[in-house]
Amino acid sequence: MTTTNDAQTSRTFVYLGLTPIKTGYGVALQEVDADDQLIGVKRYYLTKKELKHRTVGGIYRINAGDNNINLASITYVKMHPDSAYVLRVRVEADMNEMQQRIEKLEKTAHTRDVLAETLAPLRAAYLATDALGKRCIEALVLNALRRG
């Protein structure tokens, strides 16, 4: 996430973890000053893949401009010293992670073929038997369907 017209300097950010964004979920960084206090409200949003294996509440030094971040320059500095703040940020990130998982499960639930899953053991028995056994299974299934 870099552009050429934005001069970069070494800046310090706290990693906020997973957060909702317009297109789903991403991870956020917010700048902190020398005393580890948040600077303004501007956040940098990136994909989860771009910031793998980072610690929520961790402070990182990164070369950044006003509109870009050079992720190749990221260096861990320390954990944020305010443990209450770190706990709050971690809880928010964990809640967002759980919500993302719920949404994924919900999405796959709509695409599940419940009938195929239910019939899987019967299909296995059907494929494992001879021609006469297959006819018997077919007759039993049709009979069960007709009886309701």
Handout entry: Filtered residue count, region 32-52, keeping only those that are over 13 Å from the mean Cα position of the chain (by Cα) and free of Cβ contacts under 8 Å to residues at least 24 places away in the same chain
Key = 8
Handout entry: Failed criterion for Glu50 (all others in (1) crowded, with 16+ Cβ neighbours inside 10 Å; (2) touching a strand residue (DSSP E or B) at 6+ places or on another chain (Cβ under 7 Å); (3) not basic (Lys, Arg) hold)
Key = (1)
Fill in the blank from the handout: Pairs returned, first residue in region 65-92 that is closer than 16 Å to Val27 by Cβ, second residue that is basic (Lys, Arg), beta-carbon separation under 9 angstrom, 6 or more apart or interchain, are Ile69/Arg11; Ile74/Arg54; Ile74/Arg61; Tyr76/Arg54; Tyr76/Arg61
Exercise for the section: Looking only at region 8-30, decide whether some residue is of a type in the set (D, E, K, R), part of a strand (DSSP E or B), over 20 Å from Gln99 (Cβ atoms) and at pLDDT below 85. Expected result: no
Handout entry: Tabulated pairs, region 105-127, first within 17 Å of Val141 (Cβ to Cβ), second aliphatic (A, V, I, L, M) and surrounded by 10 or more Cβ atoms within 10 Å (Cβ to Cβ), C-beta under 6 angstrom, 6+ apart or interchain
Key = Tyr126/Ile137
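Considering Thr129, Thr47, which residue is outside the structural domain of Leu18 (by TED's automatic domain parsing) and polar (S, T, N, Q)? Full working, then the answer.
Working: Thr47 fails: outside the structural domain of Leu18 (by TED's automatic domain parsing).
The match here is Thr129.
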Exercise for the section: Collect the residues in region 106-119 that are surrounded by fewer than 10 Cβ atoms within 10 Å (Cβ to Cβ) and either outside any helix (DSSP H, G or I) or aliphatic (A, V, I, L, M) (or both), keeping them in residue-number order. Expected result: Ala109, Arg112, Asp113, Val114, Leu115, Ala116
Problem - Verdict on Ala125 being more than 19 Å from Thr12 (Cα to Cα) and over 24 Å from the mean Cα position of the chain (by Cα) - result: yes
Practice task
Consider Val41 carefully, then state whether it is surrounded by 15 or more Cβ atoms within 10 Å (Cβ to Cβ), in contact with a strand residue (DSSP E or B) (Cβ under 9 Å, 6 or more places away or on another chain) and among the β-branched types (Val, Ile, Thr).
Solution key: no
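Could you check, for region 54-63, whether at least one of its residues is at pLDDT below 85, of a type outside the set (Ser, Thr, Tyr) and surrounded by 13 or more Cβ atoms within 10 Å (Cβ to Cβ)? Before the answer, list the steps.
Kept after step one, since they are at pLDDT below 85, are these residues of region 54-63: none.
Looking through region 54-63, none of the residues is at pLDDT below 85, of a type outside the set (Ser, Thr, Tyr) and surrounded by 13 or more Cβ atoms within 10 Å (Cβ to Cβ).
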Problem - Members of region 52-95 found to be among the aromatic types (Phe, Trp, Tyr) and either assigned to a strand (DSSP E or B) or in contact with a helix residue (DSSP H, G or I) (Cβ under 7 Å, 6 or more places away or on another chain) (or both), listed by number - result: Tyr60, Tyr76
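The values are calculated or read from the model by the stated rules, or taken from the named source; none is laboratory data. Worth saying up front: this structure is predicted, and the values here are computed from it rather than measured. No Cβ is skipped: glycine too gets one built from the backbone with ideal geometry, and neighbour counts run over all protein chains shown.
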